[in-house]
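> Handing you this structure, nothing more for now.
The values are calculated or read from the model by the stated rules, or taken from the named source; none is laboratory data. Source: prediction; values computed, not measured. When we count neighbours, we look across all protein chains shown, and the Cβ atoms used for this are built from the backbone with ideal geometry, even at glycine. For accessibility, only protein heavy atoms count, side chains too; no ligands or nucleic acids. Shrake-Rupley method; radii C 1.70, N 1.55, O 1.52, S 1.80 Å.
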Amino acid sequence: MADKLKDTGTISFLEAAVKISHTSPDIPAEVQMSMKDHIMRRTRIQRQTTEPASSTRHISFKRHLPRQMHVSSMDYGMDPPAVAEQPTSIGRIKPELYKQKSVDSEDPKKEAAKTCGKINFTLKYDYENETLTVRILRAFDLPAKDFCGSSDPYVKIYLLPDRKRKFQTRVHRKTLNPTFDESFHFPVPHEELASRKLHLSVFDFDRFSRHDMIGEVILENLFEASDLSRETSIWKDIQYATAESVDLGEIMFSLCYLPTAGRLTLTVIKCRNLKAMDITGYSDPYVKVSLLCDGRRLKKKKTTIKKNTLNPTYNEAIIFDIPPENMDQVSLLISVMDYDRVGHNEIIGVCRVGVNAEGLGRDHWNEMLAYPRKPIAHWHPLVEVKKSFKEWQGRAASFDSQGSCPSPKPPPTP
């Protein structure tokens, strides 16, 4: 009954408005039509709001409708009725907070890559006595390692790859800008200078615990500034480090692939400057080569053991049968091992070659594929074994006796 009264009132209001528009000749026809349309829209909205409440099933459907359709973005040609704004998780998102978080997340990376002050040293080579003189002058703007806001710095000096001979400066107490002014002499033939690296490690002395490493400097090219005939002053940034970098040595091997035979030949030629693993200052190295296919080890082969040497020569060939269609799935993990008669054999260092390898390992593999039937030899630096390498080495399972990658077609016979 109330609905009927409302409808009647609305119609009478509409008729009155129309009569007023007719009796007002000053009002333009366009304005009159717009007033009529506006009143009709209000009438429709009021009628819609007085309809009986829909069932629970329809309410549930309407609740999910905005998620399925962008209803708010539709243009119905009229202003929707005002609805109280409900707080949602989307409405509470503040982009500026996320921007701040992204900036903060970069801080650890920046701190890890930042320098830890500078160090000043000089180099000079005595051609007559074949001696390289390294003079540590000073360090500047070192980080504070002690609670008092200072450090007790000193410097260790190596001429890599030889780590047996090392020198160390005096400790300077409670300073971040120490002046050392100490000279150290390394006997080294002139023809070896090109293959040597100067390694400076800066430490903070601690009387009651382990000394903290501040950072390090590695000068790859001793002739970077001059020919060393006269004393040359060099400034270098001290790079952040938590432990001394260890030079594990290098290995030279060649790769050769015969597509028609499906045969990959890796020839281990020699190693140089391997890390000493025994008390005697030497190692008993051998090389183990693992064939990996999609991260799984299929087969492994190894060379003979060379006793008491850090520069072994092998010239031994290791052959794997791999079909051409599987060459993009395999890689080789080359591990230089130290043989131990009593305990476990230790890994000196590793390198990897394959399509998915990094740096030189990938380039060497691609060069082999680009020049089939031709041995391609390169030196590869050894690196510490990573967790991924350990996982691959631990995944020994039951494979076919030939050790070749599973493939629908066997490799053709040569």
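> If you count only protein heavy atoms and use a 1.4 Å probe, how large is the accessible surface of Phe167, to the nearest 10 Å²?
My reading of the accessible area for Phe167 is about 60 Å².
> Let me ask another. In what sequence, largest accessible area first, do Cys148, Cys293 appear using a 1.4 Å probe? Present the calculation step by step, with values, prior to reporting the outcome.
Values: Cys148 90, Cys293 5 Å².
From most exposed to least exposed: Cys148, Cys293.
> Roughly how much of Tyr282 is accessible, in Å² to the nearest 10, using a 1.4 Å probe?
We get 100 Å² for Tyr282.
> Let me ask you something else. Show the residues, 5+ positions off or on another chain, whose built amide H is closer than 5 Å to the amide H of Glu346.
Residues meeting the amide H criterion: Asp338, Asp340.
> What residues qualify as long-range amide H neighbours of His211, i.e. H under 5 Å apart, gap of 5 or more or another chain, H built at 1.01 Å from N?
Placed amide hydrogens put Asp206 under 5 Å from His211.
> Still on this model: How much net charge surrounds Gln168 when only the other residues with a Cβ under 10 Å from the Cβ of Gln168 are counted, with Lys and Arg +1 and Asp and Glu -1?
Value of the local net charge: +2.
> Let me have the relative contact order for segment 249-396, percent, based on Cα pairs under 8 Å that are six or more residues apart.
29
> Please report, to one decimal in angstroms, the Kirkwood hydrodynamic radius of segment 249-396 built from all distinct Cα-Cα pairs.
So the Kirkwood estimate lands at 15.5 Å.
> Taking the full set of protein chains and a 1.4 angstrom probe, give the accessible area of Arg296 in square angstrom, rounded to the nearest 10.
Accessible area, nearest 10 Å²: 100 Å².
> Through the Karplus equation 6.51 cos²θ - 1.76 cosθ + 1.60, θ set to phi - 60°, convert the phi angles of segment 230-241 into ³J(HN,Hα) values in whole Hz; use x for Gly and Pro.
These are the phi-based 3J(HN,Hα) values: 10, 5, 10, 8, 9, 10, 9, 6, 7, 7, 4, 7 Hz.
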